[in-house]
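Below is one structure, written out as structure tokens; the observations come after it.
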Amino acid sequence: MAARGLQPGDVVAGFRLEEELPLAATAAFWRVSRAADDPPLLMKIPRLEHGANPINIVGFEAEQMILPKLSGPHVPRFMASGSLDSPYIVMELIVGESLRAQLAKLPLPAEAVASLGAKIASALHDIHRQEVIHLDLKPSNIILRTTGEVALIDFGFSRHLRLPDILAEEFPGPIGTGPYIAPEQLLGNRTDPRSDIFALGVILYFFVTGERPFGDPSGVREWRRRLYREPVPPRALRADCPAWLQELILRSLEVHPRERHATAAQLAFDLQHPQQVHITSRGKRTRRDGALSSVNRWIHLRRSLPSLRQTIARQLERSPIIMAAIDLSPGQEALGDAMRLAVREILHAHSDARLTCVNVLRLSRLAIDPWEDEQGRNLHSRRLAELQYWAKELPVPAHGITFHVFEAPNPAAALLDYARNNHVDHIVIGARASSPLRRYLGSISSQVVAEAPCTVTVVRATETAAS
Amino acid sequence: MRIALLSDVHANREALSACLAHAQACSVDRYIFLGDYVGYGADPGWAVDTVAAHIEAGAIAVLGNHDAAVVGSDSDLNDTARVAIAWTRTQLTPQQCDFLRALPLSAKRADSLFVHASAWAPEAWDYVTDARAASRSFDATQQRTTFCGHVHVPEIYHLSGTGKIASFTPIAGTAIPLTPQRRWLAILGAVGQPRDGIPAASYAILDEERTTLTYMRVPYDAAGAAAKVRAAGLPAVLSLRLLAGR
């Protein structure tokens, strides 16, 4: 079936064509309808006529394999797909605006870029958890839903780690888009979720400076320049780019995947908590690194890639976000020690884990007068210091740990909200000794266990025989 | 329709029972057996009767090289296999032998071909262990998809529109879309004698509506099956490999 012969009103595989949408040159896109209760639908029909790029034909088949396996708000919902004589995919038509529409407004303020970046990173984490790597992340493949969430589209170059990689088998060269493709993709590795983090770094750089970090290279030879040449630091182009944002962008653009954030969730976390970003020389740089150190990095990357490949599937498992909810009340020292031991054991098992230590101040529901407000601030900073003291000896690098004290009338609900918003994988929480009153009222830890979106470890100090 | 595809039972009652129970729990509508019901294991009579009962109920079954050896010549087999075939001959009734003799070499259903070893000269029992052997099989049939066993190691070969053959080791529990743009040759693992280092029994479910194939791994009482092999006086290696999955 030739895509161009179709007219509005035609029916393809039970779907009525309503309107052709000029979305991309590689395929025809139609808004279609079937039943009255269906959400708005989009039909994608690849251009198979003579002269069509073969990579797009195989890419369409890859998308037919991958899209039905994805679910959640960050991808278009798959509806149907068709066969050899009339290939098509029908999916949810995402209501919203492509990020491409923002390109005319660049550069954007740092806060806006960070907030957008956090949404994109959350969407990436969601597909990575489903064992899919996008591998062609760019503004035109990101849609901001009218509800505010980000949806990723076009899985034609993507990789599902449990399915055959039909693209790599058909095409030996790198597969991606010039400005955004990650160094390891150029070397033939299509199994690393951190390739998407690199592409996100390119987008963040572009959005905050108005310029692409590696320009718009036209051939694979030019694409490879990013393997040995670092981008100009964003602050050299835009002095008001905060150091923390430059730190996150340049870390995402590291040539070696291991130097980037271990997971998109960890990057989303940093983008949402700028004041907690650990700033290294990366964030402060105002000039490019010397050529020699870049070359060294590139040699290092080449040497270590083969060994990396085997461990990639475990990447997400190794890199959880662990939240330790710590009770700092006097008299709970034994529980604090038991918590530290439990957290240490969990960190030991996950080499790239991220630890976030939180403490909730139970907020009085009464209005706060200025004196109490002052007291509150003091208490807040004292608690923060206590948290840092508690975690002092835990084996985590400085960029792998953050501290949060927040105030809430309902501590359990606040902890649960925090866990959901920050993609926490494992909550470690202390439970005070059991008592009839606590059993009657219900404890914070039991509410967290009942409603948590992830694994929860409840820690209790061993009771002494005398008590 | 959801079809359970079972290959290389090799007289392993424990493994076949576990796979049939698993398939039933997965609500399959039909069963297709891809040969080698006997040889190696201790329950050849039971295996043949079970397959025969499923055929009565609408299943399809094709002939395997061990089945053919029991009722014909075993000269193509190695020494260990020949010992097992000789023992198996003493265990089967004439009716069970007649059942094996009557099995077809291959069967077709819609655009699929079911054959024990390869679509290329099925009676030559070719081993599809590389792209060349896969290519011979693809060339020998018009059917879009071929399902076979014989190798005891799960693997999927696919042939693109431009003639490129690649292969993929399936991951248990993941539905693989058999896209219509290419041709597929799926090598099933063995129910009764896995050789990919995983002792759990292997079979697959073909979903015809969704055109997906899902490989399954089913843990079963391999120690029990191995003990029976030893008790039957069969070569010790046949019992050990059930435990190791090699």
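Every read-out reported here was derived from the displayed coordinates using simple, explicitly stated rules and does not represent laboratory data. Keep in mind that this is a model prediction, so the values were computed, not measured. Positions of Cβ are backbone-derived with ideal geometry, glycine not excepted, and every protein chain shown enters the neighbour counts.
Label positions at A:Glu451 and B:Cys26, each projected 7 Å from the Cα along the C-beta direction, are separated by 3.9 nm.
Direction-averaged shadow area of the convex hull around the Cα atoms of segment B:138-195, nm²? Intermediate values should be presented prior to the final figure.
Details: hull surface 17.5 nm².
The Cα convex hull of segment B:138-195, projected and averaged over all directions, gives 4.4 nm².
When each of A:Phe78, A:Phe171, A:Phe60, A:Phe15 is scored by the number of other beta-carbon atoms lying within 10 Å, the sequence from fewest to most is A:Phe171, A:Phe78, A:Phe15, A:Phe60.
Projected onto its three principal axes, the C-alpha set of segment B:1-56 covers 32, 19, 15 Å, listed from the longest axis down.
When a footprinting reagent is the concern and you count Cβ atoms within 10 Å, what order do A:Thr457, B:Thr145 take, fewest first?
Numbers: A:Thr457 17, B:Thr145 22.
Ascending number of Cβ neighbours within 10 Å: A:Thr457, B:Thr145.
Here's the picture: charge each Lys and Arg Cβ at +1 and each Asp and Glu Cβ at -1 in the protein assembly as shown, and of B:Val191, B:Pro154, A:Ser115 the one pushed furthest to the positive end of that dipole is A:Ser115.
Along the charge dipole of the protein assembly as shown, which of A:Ala264, B:Ile176, A:Gly156 sits closest to the positive end, that is, farthest toward it, with unit charges on the beta carbon of Lys, Arg, Asp and Glu (+1, +1, -1, -1)? It is A:Ala264. When only the Cβ of Lys, Arg, Asp and Glu is charged (+1, +1, -1, -1), the dipole of segment A:97-317 relative to its Cα centre reaches about 740 debye.
Dividing the summed helix terms, -39500 (n - 2.57) for each DSSP H run of n ≥ 4, by the number of residues in chain B produces a 222 nm estimate of -10000 deg cm²/dmol to the nearest 500. If you take all C-alpha pairs in segment B:2-244, what percent of them are over 26 Å apart? More than 26 Å apart: 32 percent of the Cα pairs in segment B:2-244.
Just so you know, the Cα atoms of segment A:180-224 work out to an Rg and Dmax of 10.9, 30 Å. By the count of other C-beta atoms within 10 Å, a proxy for reagent exposure, A:His273, A:His348 are ordered fewest to most as A:His348, A:His273. As a ratio to 2.2 N^0.38 Å, the alpha-carbon radius of gyration for segment A:97-317 is 0.95. Helix content alone sets the calculated 222 nm mean residue ellipticity of chain A: runs of n ≥ 4 DSSP H residues at -39500 (n - 2.57) each, divided across all residues, give -11500 deg cm²/dmol.
Mind checking A:156-162 for the average number of partner chain beta-carbons within 10 Å of each residue's beta-carbon? Could you put the intermediate results ahead of the total?
On the way: counts 0, 0, 0, 0, 3, 2, 8.
Going residue by residue through A:156-162 and averaging, the value is 2.
Taking N as the residue count of segment B:63-132, its C-alpha radius of gyration divided by 2.2 N^0.38 Å amounts to 1.23. Restricting attention to chain A, lysine pairs at least eight places apart or on different chains and with alpha-carbon atoms under 22 angstrom apart total 7.
Which value in Å does the Kirkwood hydrodynamic radius of segment B:173-238 take, with 1/r averaged over all unlike C-alpha pairs and then inverted? Show your work: numbers first, answer last.
Working: mean 1/r = 0.0717 Å⁻¹.
13.9 Å is the Kirkwood radius here.
Please report the net charge: other residues with Cβ closer than 14 Å to the Cβ of B:Leu185, K and R +1, D and E -1. Computed value for this residue: +1. In segment A:3-92, taking the dipole from charged Cβ atoms about the Cα centre, the farthest positive-side position among A:Pro76, A:Ala13, A:Tyr88 is held by A:Pro76.
Over the protein assembly as shown, the fraction of Cα-Cα pairs per 20 Å bin, rounded to whole percents and listed from the shortest bin up, is 15, 38, 34, 13, 1.
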